1. Compute the angle between helix 6-23 and the longest alpha-carbon principal axis of the chain, please, reported from 0 to 90 degrees and rounded to the nearest 10.
2. Compute the helix-to-body angle for 29-139: its Cα long axis versus the longest principal axis of the chain, expressed 0 to 90° and rounded to tens.
3. Strictly greater than 25 Å: what percent of every Cα pair in the chain meets that?
4. Under 16 Å from the Cα of LYS130, which lysines turn up, not counting those fewer than eight places away in the same chain?
5. If you scale each eigenvalue of the Cα gyration tensor by 5 and take the root, what three semi-axes come out for the stretch 59-98, rounded to whole angstrom and sorted largest first?
6. Which percent of the Cα-Cα distances in the stretch 1-81 go past 14 Å?
Amino acid sequence: MLDIHVSLMIVALLLFFFLIFQLNQRLFIPLLRFMDARDRTIAKDLKAAQNLSSDSDELLAQARENLDRARSEAARLRQEAIQSVKAENQQAYEAKQQELDAQYLQFQERLEKDREALKSTVLSQLPLIKEGLKAKFSQI
């Protein structure tokens, strides 16, 4: 019937344990080390990515802050430029207004002198004009 050989069973059992030990030493332990190293590398890369993300968030916040400052500075400079141009235009307007007022006064004075000259010329020529009118009326 069945013969059980204890010595063969012990050899098979020893061979089984030897194979388990060898597989553990040559396959499972290196595989576990590789998996642990991979997990550490993944964790390290995730931490680096989070640091980069936080750095990029800080840089983005700084960029937005710089843009806000630049916009406010540009608005301030634009407002100063507008006020400066308005002041220059106002001064130019007032200077031109004074010049025109002075020219108007000179024109009025010349007009008054011309009127007086014309009046004196007409008054001096009045007898001749009367004579000329009488001659014209007499011809009609």
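What follows draws every value from the coordinates through simple rules; no lab data is involved. Here the structure is a predicted model, which means the values were calculated and not measured.
1. The two axes meet at around 20 degrees.
2. It is inclined by approximately 0 degrees.
3. Beyond 25 Å sits 78 percent of the P(r) for the chain.
4. The reachable lysines, counting only those whose Cα sits under 16 Å from LYS130, are LYS119.
5. Equivalent-ellipsoid dimensions as semi-axes: 38, 4, 4 Å.
6. Counting pairs separated by more than 14 Å, the tail of P(r) holds 80 percent.
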